[in-house]
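Report on the following structure.
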Amino acid sequence: MVPVSDPQLPFGVAWLSLRLHREVGPGPEDHLTIADELSGTRIEVDGWDEALGEAWRRLASEPAIDDWLEAYLRERGEEGLEVTFSDTPRVVARHAFGRWNVHYPADLLLGSVDAVAAMRAALVTVLDRHVERQALDVPLLGELLAD
């Protein structure tokens, strides 16, 4: 799960795409322990976590989002949403293990030169897919923002 600062994302995030990550070697101040060496190479999300945070902050600052988000959270109830950015070939939404999961293709993110714009499109797509598949009584976010 990736925490993003205020305003808080209404879902959890997992990064499973090898193309969205980069290996990070130990810096001069890092002292590896035996446990570190056994756990493998340290990996960081290569700028996408920041793009996610900025895209959500911009999206959450739009006038229409407050009422929509309140209604979305109320309609969804206790059931959560987990978004996975992965190497899947298409957007996939399904209910599993007591929560909704939406997988979003890394290729759709990487196809844009503007990471924040790509992530904004991903957020709208993911939330709309969840609203559609769970049949929540809220308008699609993409239609609301298009007005």
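Looking only at the range 105-121, which residues are of a type in the set (Val, Ile, Thr) and open to solvent by 70 Å² or more (accessible area, probe 1.4 Å)?
Selection gives 113 alone.
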- Going by the conditions given, is residue 81 touching a residue at least 24 places away in the same chain (Cβ under 8 Å), crowded, with 17+ Cβ neighbours inside 10 Å and touching a His at 6+ places or on another chain (Cβ under 6 Å)? yes
- Task: Of the conditions (1) closer than 22 Å to residue 8 by Cβ; (2) open to solvent by 40 Å² or more (accessible area, probe 1.4 Å); (3) modelled with pLDDT under 95; (4) within 15 Å of the chain's Cα centre (by Cα), residue 51 clears all except one; give me its number.
- Result: (2)
- Looking at (1) surrounded by 11 or more Cβ atoms within 10 Å (Cβ to Cβ); (2) at pLDDT 90 or above, which is the one condition that is false for residue 61? (1)
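The values are calculated or read from the model by the stated rules, or taken from the named source; none is laboratory data. This structure is a prediction, so every number in the text was calculated from the model and none was measured. When we count neighbours, we look across all protein chains shown, and the Cβ atoms used for this are built from the backbone with ideal geometry, even at glycine. Heavy atoms of the whole protein, side chains included, go into the accessibility calculation; ligands, DNA and RNA do not. Shrake-Rupley method; radii C 1.70, N 1.55, O 1.52, S 1.80 Å.
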